[in-house]
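Read-outs: derived from the displayed coordinates by stated rules, not from any lab. None of the values given here were measured: they were computed from a predicted structure. All Cβ positions, glycine included, derive from the backbone under ideal geometry; neighbour counts span all protein chains shown.
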There are 2 protein chains.
Amino acid sequence: MAVGLRPPQDLLPVPGVTLAACSAGIYRKPRPDLCLMAFAPGSRAAAVFTRNAFCAAPVQVARSHIAGASPRYGLINAGNANAGTGQRGIDDAVAVCRAAASLGGCLETEVLPFSTGVIGEFLPVDSIRKALPALHGRLSASGWIECAQAIMTTDTIAKGVSRRVEIQGRPVTVTGIAKGAGMIHPRMATLLAFIATDATLDKAVLHELLGDAVRGSFNRISVDGDTSTNDAVLLVATGKSGVPAGAAGSTPDVQAVQAAVSAVCVELAQAVIRDAEGATKFISIRVEQGASEAECVRVAEAIAGSLLVKTAFYASDPNWGRILAAVGRAGVEGLDTSKVGIDLADVRIVEHGARAAAYTERAGKEIMSHAEIPLRIRLGRGSYAATIWTCDLSHDYVKINAEYRS
Amino acid sequence: MAVGLRPPQDLLPVPGVTLAACSAGIYRKPRPDLCLMAFAPGSRAAAVFTRNAFCAAPVQVARSHIAGASPRYGLINAGNANAGTGQRGIDDAVAVCRAAASLGGCLETEVLPFSTGVIGEFLPVDSIRKALPALHGRLSASGWIECAQAIMTTDTIAKGVSRRVEIQGRPVTVTGIAKGAGMIHPRMATLLAFIATDATLDKAVLHELLGDAVRGSFNRISVDGDTSTNDAVLLVATGKSGVPAGAAGSTPDVQAVQAAVSAVCVELAQAVIRDAEGATKFISIRVEQGASEAECVRVAEAIAGSLLVKTAFYASDPNWGRILAAVGRAGVEGLDTSKVGIDLADVRIVEHGARAAAYTERAGKEIMSHAEIPLRIRLGRGSYAATIWTCDLSHDYVKINAEYRS
């Protein structure tokens with residue numbers, strides 16, 4: 001049911017990165033559910049993690065590991081979130097890092113663990129340990145697609161994106177994979193994303209670059225308003241392109257890498273929405289003429305978070321009153337409702353806070369029948385704008401989430 | 001499908017209040033959709049309205065009318081919200097007030113208009129005007145139940161509650177009716193409630209009493225996180241009981257009336273949740289041991305607002321990880337997750353922030369299969385508590401809201 005999304009055809013290898021996936025039996029039915037990524041010595045990394053107070057054991061361990069060392073491995077499992085598992089969860093996350101480290105000949109703090117899946121069950125450490133040697137033996141530069149598949153949970157399509165830019169006459173590659181389909185909301189989601197580049201970037205630049213890219217991508221999507229215990233986005237720069245660019249500062253070279261990383265993150269984030277649980281519509285909500293970017297985001301989030309708006313989109317019903325009501329409850333101080341306008345694609349629905357004179361239900365219905373719908377809100381207060389991507393709320397969302405553990 | 005809710009059998013008349021309902025043809029199919037309430041001269045009234053910036057025309061008119069005069073009539077229609085209708089909406093709301101006023105021999109500012117239904121369509125003023133004379137002729141002290149039926153929209157069961165208390169040896173009555181099934185969230189909802197008592201209360205006391213009652217009832221329920229353009233709760237005191245009690249101050253007599261009004265509001269608010277769109281479960285979320293009441297409410301709202309929690313309840317799946325994740329994203333500053341506990345009825349699920357040692361999935365499943373489920377969260381931070389009532393999210397919620405206008 002994914003909206004306008006196809007599986008990645010080929011993902012560009014990133015010099016300095018090898019990876020592989022296998023079935024470790026974490027899911028009851030056999031499917032790839034374990035993934036190992038290896039980064040060449042000298043790689044640098046930055047990561048952002050969920051802000052949920054109940055962050056999962058692997059998040060706590062990965063956060064601590066990355067603070068002290070540059071990672072040599074990422075170890076990712078689907079099917080079990082290792083969250084709500086207390087001290088044993090921490091011990092388990094460290095144990096699987098240790099197993100990977102002993103195979104790779106590095107410190108356990110040079111391995112970053114990531115988990116996604118059901119909350120509250122203990123990690124099957126033995127199964128993971130048993131699967132690791134063969135997995136380590138299969139590490140390959142071309143393993144991106146199998147890893148994109150192995151990290152899926154309720155995703156129906158694997159998500160991967162590559163970009164190549166030329167810097168100082170040489171190619172620099174950015175490739176990323178992501179998973180996530182529910183529990184998705186700005187400020188991170190049940191979402192994991194792993195992005196690598198062979199650019200040379202120092203750690204401070206890498207952090208800034210990731211922060212910027214995430215702000216305009218993974219933090220601008222909403223499926224259901226929930227945020228998860230396990231979200232993480234990892235960006236690794238191996239430096240293997242041989243281009244010495246971008247050690248620090250905002251040079252044109254760094255900007256070129258920045259643009260490529262941002263483009264990869266936006267496309268992955270949109271892919272998450274296109275493949276969101278039960279989604280039949282891909283909706284971009286652009287709020288314009290705000291007095292600040294923050295209030296534009298707030299209005300966009302109120303609309304994206306409205307079940308009534310989302311069910312109306314599902315039904316292809318141009319019930320714009322629900323959009324108006326969502327704008328009205330977004331808490332914009334001193335909003336002059338008589339200045340608010342709403343367009344669905346090129347159809348003006350609301351102007352001066354009420355139904356536009358020329359609007360016809362027929363025109364609204366026509367637009368609502370499309371699979372991809374751009375919604376624009378004008379607040380009439382200033383010159384700021386923000387965009388959030390979201391989806392509709394369908395029968396299948398309820399079905400998928402009611403039956404998740406059965 | 002309403003959970004543990006029956007239609008009101010008999011509602012006690014309130015001396016000084018007469019009312020009646022009829023079909024004015026606002027809905028396409030014939031059904032009662034217009035309701036007139038008359039209040040004896042000398043009645044006093046207080047009201048609370050939606051905080052949505054896009055408040056409907058009748059809300060704007062009613063707010064202005066009640067500020068300047070004591071109401072003699074309330075005129076309520078279902079089937080059309082008269083919201084998002086600009087200046088014409090205001091004119092229309094005033095026009096129907098004027099029509100009622102000319103029948104009743106009062107000022108148009110002594111009539112309060114209320115509307116509920118589809119947003120963005122103009123009020124059928126002529127149909128309402130045409131229906132009013134006969135409706136006015138049928139005003140009766142026993143019209144409560146027919147009015148409870150006439151104000152319903154997606155409600156499946158009419159909602160009405162009466163309480164009688166004795167003050168100074170004489171009976172004092174409180175009767176209220178309400179409608180609302182979706183677009184329900186704290187800070188008011190697509191909810192209308194009309195409560196009357198024959199107690200004698202001055203306007204300041206009445207305001208305070210209504211504020212208190214609403215805080216613990218209509219502002220403690222959530223169906224879907226949306227708030228509407230039309231919400232209003234009206235409390236009228238006719239003074240016809242002959243008990244001179246409670247002119248001002250917190251006397252025992254006023255407290256007795258307060259308790260009765262609060263009880264009526266709580267029962268009506270719970271009825272809204274029991275009959276919420278698609279609801280199959282009635283869930284009370286009590287958050288205890290908070291450092292403030294506000295943070296308890298915030299945590300309860302985060303849980304009540306989680307689609308994942310709500311679909312798990314629908315599926316009778318004790319997926320407590322989702323509850324934990326909702327607690328974690330509620331934004332409680334400095335939450336020590338190792339102190340958090342969760343009980344479902346008398347089953348301890350989480351203690352010290354992780355699965356309770358004695359918990360079994362079977363015990364959780366058994367509790368989840370009930371239609372009424374008390375959920376308790378302990379934050380381990382203080383002595384404050386708050387309760388919110390909510391429902392599950394079912395296939396029918398999506399169905400009802402996808403097909404609302406078709």
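Observations on the structure shown:
- Ascending list, in nanometres, of distances separating the B:Glu166 label from those of the other copies (7 Å, Cα toward Cβ): 9.6
- The A:Asp10 and A:Arg98 beta-carbon pair, evaluated with R₀ = 35 Å, returns a calculated FRET efficiency of approximately 0.55.
- Lysine pairs meeting the criterion (Cα under 30 Å, 8 or more apart or interchain), as found in chain A: 27
- Here the scattering of region B:282-402 is modelled by Debye summation over its C-alpha atoms, one equal scatterer each and no solvent; at q = 0.11, 0.20 Å⁻¹ the log10 of I(q)/I(0) is -0.33, -1.07.
- Spherically averaged projected area of the convex hull of Cα atoms, region A:37-105: 5.0 nm².
- Peptide B:324-337 shows a mean partner chain C-beta count of 5 within 10 Å per residue C-beta.
- Calculated FRET efficiency, B:Gln168 to A:Lys203, Cβ-Cβ distance, R0 = 51 Å: about 0.05 to the nearest 0.05.
- Where a label projected 7 Å from the Cα of A:Lys365 along Cα→Cβ would reach, residues of region A:314-337 with amide N under 17 Å: A:314-321
- The convex hull built on the alpha-carbon positions of the protein assembly as shown has an orientation-averaged projected area of 34.1 nm².
- Taking a point 7 Å out from the Cα of B:Asp336 in the direction of its Cβ, the residues of region B:290-305 whose backbone N falls within less than 18 Å of it are B:290-292, B:296.
- Normalised contact order of chain A, rounded percent, pairs of Cα under 8 Å and 6 or more residues apart: 18
- Taking the number of Cβ atoms within 10 Å of each Cβ as an exposure proxy, the fewest-first ranking of B:Arg220, A:Arg129 is A:Arg129, B:Arg220.
- Each Lys and Arg contributes +1 and each Asp and Glu -1, all at the Cβ; summed about the Cα centre of region A:23-100, the dipole is approximately 120 debye.
- Each copy carries B:Arg215; placing its label point 7 Å along the C-beta direction from Cα gives inter-copy distances of 3.9 nm, listed from smallest up.
- Take each residue of peptide A:350-362, count the partner chain Cβ atoms within 10 Å of its Cβ, and average: the result is 3.
- Computed [θ] at 222 nm, deg cm²/dmol, chain B (DSSP H ≥ 4; -39,500 (n - 2.57); rounded to nearest 500): -10000 deg cm²/dmol
- Counts of other chain beta carbons within 10 angstrom of each beta carbon in peptide A:48-60 average 4.
- Amide N proximity, region B:39-83 versus B:Ser23 label position 7 Å along Cα-to-Cβ, cut-off under 20 Å: B:76-81
- Note on A:Glu121, A:Glu277, B:Glu361, B:Glu333: ascending count of other Cβ atoms within 10 Å places them as B:Glu333, B:Glu361, A:Glu121, A:Glu277, the fewest first.
- Rounded to two decimals, the Cα radius of gyration of chain A over 2.2 N^0.38 Å is 1.01.
- Placing a label point 7 Å from Cα along the Cα-to-Cβ direction at A:Gly42 gives distances to the equivalent points in the other copies of 9.5 nm, listed shortest first.
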